[in-house]
Structures are given as structure tokens and as C-alpha cells.
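Worksheet: the structure to be examined is printed underneath.
The values are calculated or read from the model by the stated rules, or taken from the named source; none is laboratory data. Everything numeric in this text was worked out from a predicted model, so none of it was measured. FYI the Cβ positions are ideal-geometry reconstructions off the backbone, even for glycines, and counts take in every protein chain you see. Ligands, DNA and RNA are excluded from the accessible area calculation, which covers all protein heavy atoms including side chains. Shrake-Rupley method; radii C 1.70, N 1.55, O 1.52, S 1.80 Å.
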Amino acid sequence: MSAIPESAKVGEHVVIERNVKIGENVVIGHQTTILEGTIIGDNVTIGCNCVLGIKPSVNQRMRKIQENSKELHILSGARIGHLVSIYAGSAIRENVFIGDHASIRENVSIGEESIIGRAAVVELNTNIGKNCTIQTNAYVTGDTTLEDNVFIGPCVSMSNDKYMGAEPYSLKGPYIKTGAKIGNNASLLPSITIGTNTIIGAGSVVTKSTGDNIVVAGNPANRLKK
Amino acid sequence: MSAIPESAKVGEHVVIERNVKIGENVVIGHQTTILEGTIIGDNVTIGCNCVLGIKPSVNQRMRKIQENSKELHILSGARIGHLVSIYAGSAIRENVFIGDHASIRENVSIGEESIIGRAAVVELNTNIGKNCTIQTNAYVTGDTTLEDNVFIGPCVSMSNDKYMGAEPYSLKGPYIKTGAKIGNNASLLPSITIGTNTIIGAGSVVTKSTGDNIVVAGNPANRLKK
Amino acid sequence: MSAIPESAKVGEHVVIERNVKIGENVVIGHQTTILEGTIIGDNVTIGCNCVLGIKPSVNQRMRKIQENSKELHILSGARIGHLVSIYAGSAIRENVFIGDHASIRENVSIGEESIIGRAAVVELNTNIGKNCTIQTNAYVTGDTTLEDNVFIGPCVSMSNDKYMGAEPYSLKGPYIKTGAKIGNNASLLPSITIGTNTIIGAGSVVTKSTGDNIVVAGNPANRLKK
């Protein structure tokens, strides 16, 4: 068991493993597990039935894990919902909001004030900027970059594997530039770039990179004339 | 701790906060948390590792919460699965079924006998009628109405925000009339109406309101001639 | 409480009901519940806050359950993530990997070495072969068959109900042959066959069966000439 400040409000049946650091005025909900090596800043709120600080695990058919002993950092003012899972080796920065049932993998950085929606998933090696909004059920694949102020609508899907496991291939997700907005249930293919302030219509299937400041829609997606 | 009737069957490591009312013949699974102010009717069954009666929470970039002290009402005969989250201020009516991993927000009403599928999400301020079926992974956005006997297929997506956070805008989800059926993975845009008994094909992207008793499909969706 | 071998490593607040069989060198995470009649092989790893061995439950509008007393079998070397739900009457075979937040229903078989992604759902009466990869958020509907070496991309959607509950109909999901690859967020309609080694493009809506060794894309999906 780790040292818990008197200012912390800890629920029932909470498990806090060793080498966990907890800041001032932290709230931890019932039935939540904080695994070894997690660092929690001041004024962080965590819901019930979460699992935080998970060490990566694979079977023999999956991408090898880089051995490391990185911590999960949850910075001050972040709010974590209920039934959330977050891996070791990631940084949840100041005042980030993470919705219930969300899942965040290892080697992820989520910038200040960003919102990760309910049941959204962020895969490994992904960098999300400041003031981004990832809505409910959205899927941010691995090896992806979102610059600042990006909006990802509900149920958006991405891929980082052009050959779907068929051949050796460097995995690369989309690169989404500042202020871009992706409509609900759009599909983004691997390694494309979405331009600055570009808008992708709902349900679009975006197969190639787009310019800046345009509107794109359809399957396959094309630029709309306006 | 609240008063628990002798007829209740309560699992291990259950947390029941104060001011919770529990009816007769209620079953509560292991590791479940019932938060303050929840009202559970007779013959309700609740699975394991649920969190019920959650108070809304936001960060400073999100829609303000109306301060209230509303309860979560789970009415008689409702069945709640495992790993489910439900917010305070909602009503789960008689004999509703809620699948595992589902999430229901605040100010939601779910009508008698309706089914909310596994991992489905129902956002805030939404009204779902009687005998509706919301299938697995479907996303019912906020500020949405479903009349009675509506069928929402698996992985259906909706949006309530026409400008994707870009400007002040009154959020409004779809209005779906009695007996309409939405095929799997269809996308519905904000503020459209789906007509009575109208069928939306799987994978359609519905950008404008539809008439009654028709079949609509495609991206963008158009009426099928028959 | 069931007999637990000395070689097992069991977390805090774990619930193990009666008639559970646990092999050698099993790891069970904190707050996990193992329900009655579950059989766990050697070297199985289970995460935190899981619910395993769930008995099916319905309301009166849902498909009747076949009464049985089948067990959940988790075979040797399988790795189960965190916040996972798995039903009684299914078999998770040797060295299968199941991601966090995933849900597996009853009467499901998952073949050796297969991977079930994070938050993926596999519905009832479904058979998944060996060395399959079901990626994050994918939805495998009920009454579905995947042969060996199938790849299902992230957020893929399937349906098994042609009439969306409107009339008596034999439910039947897709039949996906060996080596087929389904791109992210594609939609598969009920009872279609996807041919051996056939590739379905991201975001496609597949309304009819396909041949072997071809590439199919679009809404509705058609064969690409190459």
C-alpha cells in the first residue's frame, strides 16, 4: 500500500498497489484499482470500477512490447470517469476529461483540456494535442497524431494497417492537423493527412490525404464544391 | 448504508451508499456500486461491477450541467447487465433490459419493455419510447427522441451537433417516429426526422429528413424505388 | 468458495463462486468475479474487474434461452484483459487473447491463438477459427462463422436479422472464409458469404456474397477491377 494524503477521498474496496503517488485533494471512486507505479496529480477525480496503470500484455501473434518501466502520469485537475482503463507509460495532462468506459493504451499523450468521450478508445503510440474533443465511441488507432483543437465525432473509425496484417509493414495511423473536424462514423484510412481546419462529412470514407480548409464527403470521399 | 429488504440478494463487495431505496426481491451482483439517491423497484436484477446513480461531471470546455438533485429510478422488473453505468436523473421503466457494458446518461427516459443492447450508449436529455430495440454498440446521441417500437440496428451512429463545436448552436439529435427501423452502422445527421415505419438500409448516411413508410439507402441516402 | 491451487496469484476483492476449477499458475486481477461453473486452464491470465461465466438473461421480448448448465471453458495460456465479460457455455481456446472491455456471449467458440480486440463484442452461437484477428470495437453478430486466419478490422459491423425484428425469420450472420480481410468500419449484411482471401475495403457496405480472392469496396460494395 502506498502513502495516501489525508486530503484524499478514497472509496470502498479500492486497491492501491505499491509505488503509487497521490497528490492533494484526489477523489477515487469505489472498487477502483490503481496499479503499481501510477502518479496522480493534485485535484484529480477518478470514478468507480476503473483500472489504472495497466502493464501491456500480448500473445505471440501480436506486436512485441518494448520493455520499459514507465509510469502512468495523471496530471492535476484531470477527471477520469467510471469503468475506465488506462495503461502505464501514458500521460493524461492537466484538466483532461476522460468519459466512462473509455480505454487509453500505453505511450499515449493527451494534451491539456482535451476531452476523451464515453467508450472512446485511444491506441498505443498516439499523440493528442490540446483542446481536442474525441466524442463517444470514437476509435483513435495506434501511431496517430492529432494536433490541437481537433474534433473527432462520435463513432469515427481509423486504421493504421494498410495490409491488414498480411505483410511486414510500418504501422501508421492518420495525421490530423489543427482545427480539423471529422463527422460521425467517418472512416479514415492508414497514414493519410487531414488538412488544417478541414471538415470531413459524416459517414465519409477518406482514402487519401486532403488539403487545408476544405470540406470533403462521400464514399470514397471527394471535395465538395461550394 | 441504506436499508436493504430481507428479500434482496446482494453479492460480495457491493457498495450501497446512503439514501438508496431498494424494493422487494432485488438481485445485486458482486462488486456493484449503487450511489446515493438511487431508487430501485421490485424484482429488479442488477449484474456485477455496475455503477448506478452517477452524478454528472464535466471539464470547463463541456456543456454546463443543470444543478439538480434528481434520483435514478429503476422501475420494477428491469434487468441491468454487468459492467453497466447509469446516471442520476434518469428513469429506466418497467421490464426494460439493459445489456452488459451499456451506458445511460442523465435526463434519459427509457420506456417499458425496451431493450438497450450490449455496449450501447444513450446520451443525455433523450427520450426512448416503449418496446424499442437498441442493438449492440449503437449510439443514441443527446437531445434525441425515439417514439415507440423503433428498431436501431447494431453500431448505428447519430450526431446532435451540426457545427461540431464550431459555433453556438442548439444541440438537437434525430427524431425517430414509431416503428422506424435503422439498419446496422447507418449514420444519422443532427436534427433530422425519420418517418413512421420507414426503413433505413445498413451503412446509409442519412443527411435529411425522410417521409413515412419508405425505404432509404446509400451515401448520401436516397429513397429506393420499389 | 472453490479450491484455488497454491500456484495461483489472486488479487484483492476477487469473488470466486463455487464449482469453479482453476489450473496451475493462473493469475486473477483485483476486483474480478468468477461465477459458478467456470473452468480455467493452466497459465491463464485474467485482468481486473472482469465478470466471467455469466448465465444468459433476457426480457420477454427477446429470443428464448436454451436452458442448459454449460460451463465457460478458458483453456491453457489464454490471456483475458480488464473489464471483460464472458458468458457461460463458451470456449476460449489455447493462447487466445481477449482485450480490455471485450464481451463474449454464450455458445461461442474462439479458436487457438485468435485475438479479440479491445471493446470488441462477439454475440451468441458464433464460431471463430484459429489465428483470427478481430480488431478494436469490431462487432461480430450472432449465428456467424469465421474460418481460420480471418482479419476483421476495427469498428466492423455485422447484422444477422434481415427483417430487423419485423417478422419470424431464422437469424443468420455472415459466413467469412479462410484468410478474408474486412477493412475498418465496413458493414456486412445478414447471411452473406465472404470468399476465401477476399479483401473488403474500409467503409464498404457489403449487401451480397462475394467470390474468392477478389477486392470489393464501396456503398453498395462492388468488385474492384485490377
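Here are a few things to note about the model shown:
- Which listed residue is out of contact with any strand residue (DSSP E or B) (no Cβ under 9 Å at 6 or more places or on another chain) and of a type outside the set (V, I, T), from A:S187, A:S209, A:S170, A:S159: A:S170
- Filter pass, A:K181 being within 11 Å of another protein chain (Cβ to nearest Cβ), farther than 17 Å from C:N219 by Cβ and open to solvent by 10 Å² or more (accessible area, probe 1.4 Å): yes
- Residue under evaluation A:F151, criteria (1) at pLDDT 95 or above; (2) of a type in the set (F, W, Y); (3) within 23 Å of A:P56 (Cα to Cα), criterion not met: (3)
- Checked against (1) touching a Gly at 6+ places or on another chain (Cβ under 7 Å); (2) within 26 Å of C:S159 (Cβ to Cβ); (3) more than 7 Å from every other protein chain (Cβ to nearest Cβ), C:I34 passes all but a single condition, namely (2).
- Candidates C:S103, C:S76, C:S57, C:S85, filtered to the one that is surrounded by fewer than 24 Cβ atoms within 10 Å (Cβ to Cβ) and at pLDDT 95 or above: C:S76
- Residues that are under 18 Å from A:G37 (Cβ atoms) and surrounded by fewer than 13 Cβ atoms within 10 Å (Cβ to Cβ) within region A:6-18 comprise just one, A:R18.
- Condition met for A:R118 (within 14 Å of chain C (Cβ to nearest Cβ), touching a residue at least 40 places away in the same chain (Cβ under 8 Å) and of a type in the set (K, R)): no
- Residue in region C:158-172 that is among the aliphatic types (A, V, I, L, M), under 20 Å from A:V140 (Cβ atoms) and crowded, with 21+ Cβ neighbours inside 10 Å present: no
- When A:P154, A:P190, A:P220 are checked against the criterion of being within 11 Å of another protein chain (Cβ to nearest Cβ) and open to solvent by 40 Å² or more (accessible area, probe 1.4 Å), a single residue qualifies: A:P220.
- Counted residues, region A:200-210 - those being without any contact (Cβ under 8 Å) to a residue 24 or more places away in the chain and part of a loop (DSSP other than H, G, I, E, B): 7
- Filter result for B:N25 (in a loop (DSSP other than H, G, I, E, B), among the polar types (S, T, N, Q) and in contact (Cβ under 8 Å) with a residue 12 or more places away in the chain): yes
- Looking at C:G142, C:G111, just one residue is over 28 Å from B:T178 (Cβ atoms) and not hydrophobic (A, V, I, L, M, F, W, C), and that residue is C:G111.
- Hey, A:N213 open to solvent by 40 Å² or more (accessible area, probe 1.4 Å), modelled with pLDDT of 95 or more, in a loop (DSSP other than H, G, I, E, B) and farther than 23 Å from B:P220 by Cβ or not: no
- Residue list for region A:6-15, restricted to those being over 10 Å from A:I40 (Cβ atoms) and without any contact (Cβ under 8 Å) to a residue 24 or more places away in the chain: A:E6, A:S7, A:K9, A:V10, A:E12, A:H13, A:V14, A:V15
- Close contacts from region C:124-149, counting a first residue that is more than 13 Å from C:A186 (Cβ to Cβ) and touching a residue at least 24 places away in the same chain (Cβ under 8 Å) and a second that is surrounded by fewer than 21 Cβ atoms within 10 Å (Cβ to Cβ) and of a type in the set (F, W, Y), with Cβ to Cβ under 9 Å and a gap of 6+ residues or different chains, come to C:T144/C:Y175; C:T145/C:Y175; C:L146/C:Y175; C:E147/C:Y175.
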